[in-house]
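The values are calculated or read from the model by the stated rules, or taken from the named source; none is laboratory data. What you see is a predicted model; the values in this text were computed from it and never measured. So basically every Cβ, Gly included, is an ideal-geometry build from the backbone, and we count neighbours across all protein chains shown. Calculation scope for accessible area: heavy atoms of the full protein, side chains included, ligands and nucleic acids excluded. Shrake-Rupley method; radii C 1.70, N 1.55, O 1.52, S 1.80 Å.
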Amino acid sequence: MSNRGTEPVAVDDVRGDADRSATERAEQEGLEAGSSRGGRVWELLSSSVGRNLGLLVGLALLCVVGFATAGERFLSESNLITVLLLASVIGVVSVGMTFVITGGGIDLSVGAIVALSSIWCTTLSVQATGRDVGWLTMAFSALAVGAVCGLINGTLIAYGGVVPFVATLAMLASARGYAEILSNRRTQIVDVPGFTDALNARPLGVPMLVVIFLVVAALGWVLLNRTTFGRRTVAVGGNPEAARLAGINVKRHTVLLYVLLGMCCGIAALMIVARTTTGSSTHGGGYELDAIAAVVIGGTLIAGGRGTIVGTVLGVLIFTTLTNVFTLNDRSTSEQALIKGVIIVVAVLLQQRLAERKVAKT
Amino acid sequence: MNRTPLRTRLGVGAVAGLSCLALTACASNDTSSSSEEKGSSSANAASGSNDESGDKLVIGFSAPAADHGWMASITESTRKAAEKYDDVELRVAEGTNEVNLQISQVETFINDKVDAIVLLPFDGDALTRVALQAMEAGIPVINVDREFNDPNAARVTVLGDNYGMGVSAGQYICSQLEDEPDSVVAEIAGIDSLPLTQDRSKGFKDALDECGLDVDARVAADFTVEGGEESTRNLLQAQPEIDAIWNHDDDQGVGVLAAMKSEDRDEFFMVGGAGSANAMREIQSGDGVLKATVVYPSTQGADGVKLARLLAQEKAMSDLVEVEVPREVQLYAPVVTEENVDKYIDTAFES
Amino acid sequence: MSTAATPPDQPGAPLLQMRGIVKEFPGVRALDGIDLDVRAGEVHCLLGQNGAGKSTLIKILSASYQPDEGTIVWDGEERRLTSPMAAINAGIATIYQELDLVPGLTVAENVFLGHEKSRLGMSQRSVANRATRDLLKRLGHSEIAPHRRVETLSPAGQQVASMARALSHDTRLLILDEPSAVLDAGEVANLFRVIRGLTAEGVAVVYISHRLEEIREIGDRITVLKDGATVATGLSARDTPTSELIRLMTGRSIEYVFPPRSEKPFGDVVLEVEGLGLEGVFADVDLTVRAGEIVGLTGLVGAGRSEILETVYGARKATAGTVSVDGRRLRPGQVPAAVGAGIGLAPEERKSQGLLLDQSVADNITVSSLRSVSRFGFLDRGAERRKADELSTSLDVRPSGVARKVRTLSGGNQQKVVLARWLLRGCRVLMLDEPTRGVDVGARTEIYQLVRTLADSGVAVVVVSSEVDEVLGLADRVLVVREGAVVAEAPAGELDESKVLDLVMEGRVA
């Protein structure tokens, strides 16, 4: 599609008439000038930079708690790497989830897709080709399985008219079931040495999995903020009807979003396979909720139309740091789950208050 | 894998249980030990100077989520065992079924340079790599219940005898149905994907083979009450006439018994598994279908802590001549019936 | 404000008196001095063009809105009804065009929704069913079973259920908003019988309809609204001449300034629509628009105007006919194809269909031309901002600043953003659906000027509007749509407002 046809008109002609309502303009400008100082803090907090700042403060507070309760154990380099490693797998899934949620959808099947991809890329035959041809074939098969699952999700939702919640719920059940069938419910051990060596390498002392997470997050940021794909995602999530009437192929875009998330699940599957040296139909348990929670506290609107990769990354880090602080202090995971729920509610309530204030102002 | 040879297991208390090396948890001779003390109720191992306070040490412990009576008892008895020693600080990173998180817990222990790690992995294969890392970092790992796939990943492995459980259950059923080779035998397994379930089923089948019986119907529950109830209903629907049932797990057995009651079926007798206090009371009462259960000790974690302490303090097991702690400790799986239930009921776990 | 205190029980005394009702929404004064008297036992008709304020007035009567100024005297007492429930309890019931029934519940359950017949918290179904049967009988529809689920009823049956619900409260004033729109002739006759029965019992009815013949048949008195004010009230429904009514409805209080038509002859045919149809909505529409030409489409709401535009645009999939741009046929039902061929649409519901309200002005302008502000899929944010800035400055979008969220703009400025979007795209055909709805007077003139300038630059323009004067003032050629068909087509110069209104309402020139 090119910009052929008529040139934009010489719109300067229009302006003569417009000056008539200069008073109206003055009124509107007067309106925006009057924001009080107290309002300014809220305003900052409700801007995107401010929201991320809020999350950073939250993360910093957690770190203070971590340092206060666990001291050097918390701040040591090796512990920070442990936190990042824990964040990596779920982080990659959450980055993909950010796109789907921003685009107005939801995906409950991510954990199951991770399981299926991990099983698929560790089957004997795939591992055999991995040994013969190179371990990249395993990576490819995991990505392909993730992409196909996403394609099925997306097609059902966009073209079949199935509600995302239901379509992905179906995928959640079937993908894990299929993974169990493929693996006969047994854990499949990886014995392609190149694979685990490559993914567990530590270039410059940073574990490969962390590098992958950071790369995926960076690519995700660029894709969401600096490309037409990202812009369309926001448009589709913000107002699908308006996006459709603006000429965006909403259905195709929706499919692409789920495929993208599926591929993120494939990457996450590779990471968990490398971390555990196994593929298993039990991998990825609860990822859907962890990913959605991280995305939501990060500041992405659950209804779509606004998304932030930085926020998602911070959201993931907040949850994993919380886990780490709890582990260092010998606290049970049940207490952790309780706190996690509180954090989600507080974060969302805070965001809603900010949104309301913003609307009230206009 | 190391299989226990087939042999009669009915003379439970009599044969002192050194199948590989029976340790503490069967508490076989100590009927006085109460359930409060069960974490360290090992009369035979607690002798000598080993229990005397030694160097201060930190032991890390990680296990799957306590979503099951047996698993809850593992963590509880482990804590209790550690509390007995004033030289042991136990760091409990308990409670996850997510391997990624469990790996990071172990990584945290390595970062903390603990003196030993007692690890009951959610999935032995998935935790092997990080256990190897711990061993390479010079931290002895005591692998509990679910085995790693690399012998170098653990200094000591404490195992229940899953295969032996199946054998015990099978042999008990054989003894009850001796002259009736046409009897219908059913099996209610746990989670099929777990190697322990596969081992139990294999032992059961092998034992039945010896007396000419076979498994006529088999369903898998998932170690939960709901799962037990549901799969038992299906089983009873499918089999109008059953003579004997082995249920792998007494926790899911609560659901199994509920299903039998509501389907109004009692033409058979049932053998349980794991040995919960519930099941033992049922056996004690003698009027239900549950006639026996096979013990799978929930004190493995506690033994793990004891062994970890010995290792870290460079002590040996004083009842053995050997100067080092053995590589593998396998617990015995005795059959509990109405006759001997009094001996076991105090160490049973509450589900 | 003086209120004539007539004793309420006197025959023919006003049941309801509204004086000087004013209602403002941000940027729009929807009602600007409404006076209305309704007597017990009469059918009082409200007449007015789209946008005259009828819907807002109904919402004030039913207490969905609170008036900003003015007094309401109900049954001889000045009242302030604070909620829809208060209005219902006072005896005012409203039956909207979009019936507000719960489809999955039975007739009886719907009738007593919110005031269930119950004892000790247990609903008494038999009591409710019996009461509903009585109500239906009173409405002359005893054939409808109270236990039938509402979704299984015809539109007429649902309307009856809705009226039964109104009557289940002690209703003294019944407001019917275009009740005949969903009914066929026989059902309308039935409706009238019901209305007569109610008025005989002393219930007052406020009846809103576009169909003059109905008003003449059922109405007693007429109030004409225009631009949010009462221009005539208490007219006899039977005797007032049609020409008088149309004069009252159209007589201008504000004259919009329309830009002069171009002297240049039009260019080649750009948009050609042949035999276009959408099953059950419209059929056999032919439309040809040349470069530089503005074609206006007018008709009642629901006549199929918007649907025609949306089908041309591919947002609905045509069941018959073809659409071509520059001689090339478009694939039906494909918006991207239409946009690719150079069609742009400024939709009727600007907020829900046209704009990404929470995104910036810049994002909204560039959303259809992302390729022109990107390279290999990567946005050139500098170019994007520059182009958006240029357009919003030249269109004078106020307040300025392309980073501002579109939600914060007034209706007129939002419309400018939509137009800027298609300017950036450089489209061949621009279709505008109600381009000035919710736009204040000053901004209207700007938009008219902008549309004319666009046409002069060679764009083929289609404008849909319910406001006859807008179509006549802006378009070069006018098509009148009635009940899914084009009933007339003529150069704008050959038509006047009353002719078009006749066509719109009656389908022919009187």
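Residues in region B:196-212 near a label at residue B:340, defined as backbone nitrogen under 19 Å from the 7 Å Cα→Cβ point?
The answer is B:204, B:207-208, whose backbone nitrogens lie closer than 19 Å to the label point.
First measure r as the distance between the Cβ atoms of residue C:154 and residue A:350, then evaluate 1/(1 + (r/R0)^6) with R0 = 60 Å and state the FRET efficiency to the nearest 0.05.
0.75
Amide H of residue C:203 versus every other amide H placed in the peptide plane: which residues, excluding those fewer than 5 positions away on the same chain, fall under 5 Å?
C:41
Across 5 Å bins from 0, what is the distribution of all Cα-Cα pair distances for region B:203-351, in whole percents?
2, 9, 16, 18, 16, 14, 9, 7, 5, 3, 2, 0
Please calculate the 1.4 Å probe accessible area of residue B:107, with all protein chains present, and give it to the nearest 10 Å².
Probe radius 1.4 Å; accessible area of residue B:107 about 20 Å².
With θ set to phi - 60°, apply the Karplus curve 6.51 cos²θ - 1.76 cosθ + 1.60 along region A:305-315 and write out the HN-Hα couplings as whole Hz, x wherever there is a Gly or Pro.
Result, rounded to whole Hz: x, 8, x, 9, 6, 4, x, 4, 4, 5, x.
Tell me, what HN-Hα J-couplings in whole Hz come from the Karplus equation 6.51 cos²θ - 1.76 cosθ + 1.60 at θ = phi - 60° for each residue of region C:347-354, using x for Gly and Pro?
So the J values, rounded to whole Hz, are x, 5, 8, 4, 6, 8, 10, x.
Whole number please: convex hull volume per residue, Cα atoms of the protein assembly as shown, in Å³.
Enclosed volume per residue, from the Cα hull, is 225 Å³.
Stokes-Einstein at 20 °C, 1.002 mPa s, Kirkwood radius from Cα pairs: D for region C:335-393 in µm² s⁻¹?
Numbers: Rh = 12.5 Å.
D, rounded to a whole number, is 171 µm²/s.
Order of B:117-124, C:227-234 by packing, highest average Cβ count within 10 Å first? The partial results should precede the final answer.
Numbers: B:117-124: 26.5, C:227-234: 18.9.
Those peptides, ordered most packed to least, come out B:117-124, C:227-234.
Per residue of region A:85-98, what does 6.51 cos²θ - 1.76 cosθ + 1.60 with θ = phi - 60° give for ³J(HN,Hα)? Whole Hz please, x for Gly and Pro, Karplus curve as stated.
4, 5, 6, 4, 5, 5, x, 4, 4, 5, 4, x, 4, 4
What is the calculated FRET efficiency for residue C:268 to residue A:215, with r their C-beta to C-beta distance and R₀ = 45 Å, to the nearest 0.05?
Calculated transfer efficiency: 0.25.
Per the helix-only calculation at 222 nm, which mean residue ellipticity applies to the protein assembly as shown, given -39500 (n - 2.57) for every DSSP H run of n ≥ 4 and division by its residues, nearest 500 deg cm²/dmol?
Result for the protein assembly as shown: -14500 deg cm²/dmol, rounded to the nearest 500.
Taking the alpha-carbon centroid of each part, what is the distance from region B:272-288 to region A:305-338 in angstrom?
43
What does the average come to when, for each residue of peptide C:349-356, you count the partner chain Cβ atoms lying within 10 Å of its Cβ?
Rounded to a whole number, the mean comes out at 5.
I'd like the projected area of region C:143-190, averaged over all directions, using the convex hull of its alpha carbons. Report it in nm² with one decimal.
Mean projected area for region C:143-190: 3.9 nm², to one decimal.
Taking residue C:405 as the anchor, which lysines have their alpha carbon closer than 20 Å to its alpha carbon, excluding any fewer than eight residues away along the same chain?
Residue C:405 reaches A:358, A:361, C:351, C:387, C:416.
Distance between the C-alpha centers of region C:325-389 and region B:53-113? Whole Å please.
Value for the Cα centre distance between the two parts: 59 Å.
Counting only other chains, and only Cβ atoms inside 10 Å, what mean value do you get across the residues of A:232-245?
Shielding by partners across A:232-245 averages 6.
Taking the Cα atoms of region C:367-510, report the difference between the largest and smallest coordinate on each principal axis, in whole Å and largest first.
Cα spread of region C:367-510 along its principal axes, largest to smallest: 59, 30, 26 Å.
Between residue A:334 and residue B:319, what FRET efficiency comes out of the Förster formula 1/(1 + (r/R0)^6) with R0 = 56 Å and r the beta carbon distance, rounded to 0.05?
Step by step, r from the Cβ atoms, then E = 0.90.
Give me the accessible area buried between chains C and A, both sides summed, with a 1.4 Å probe, in Å² rounded to the nearest 100.
4600
So, for region C:218-302, what is the accessible surface per residue at a probe of 1.4 Å, expressed in square angstrom?
With the other protein chains kept in place, region C:218-302 gives 46 Å² per residue.
Per-residue mean of other chain beta-carbon atoms within 10 angstrom of the beta-carbon, peptide C:373-381?
4
Which distance in nm do the two modelled labels at residue B:281 and residue A:159 give, with both placed 7 Å along the Cα-to-Cβ direction?
Here the answer is 6.0 nm between the modelled labels.
What GluC sites (Glu not before Pro) does region B:245-351 have in DSSP loop regions with at most 16 other beta carbons within 10 Å?
Taking region B:245-351 and a limit of 16 other Cβ atoms within 10 Å, the loop GluC sites (Glu not before Pro) found are B:263, B:267, B:314, B:322, B:324, B:338, B:339, B:350.
How far, in nm, would the chain grow between residue C:29 and residue C:64 when pulled straight, counting 0.36 nm per residue and subtracting the alpha carbon separation?
10.9 nm
What is the total of Lys pairs in chain B with C-alpha atoms under 12 Å apart, excluding same-chain pairs fewer than 8 positions apart?
Value for chain B: 5.
Go ahead and collect, in residue order, the members of region B:66-104 whose backbone nitrogen is under 19 Å from a label point 7 Å along the Cα-Cβ direction of residue B:51.
B:77-90
State the extension gain, in nm to one decimal, for the chain segment bounded by residue C:376 and residue C:124, taking 0.36 nm per residue of separation less the distance between their alpha-carbons.
84.0 nm
Could you compute the net charge surrounding residue A:285? Neighbours are other residues with a C-beta less than 10 Å from the C-beta of residue A:285; K and R count +1, D and E count -1. Numbers along the way, then the final one.
Working: positive: A:176; negative: A:288, A:290, B:98.
Result for the local shell: -2.
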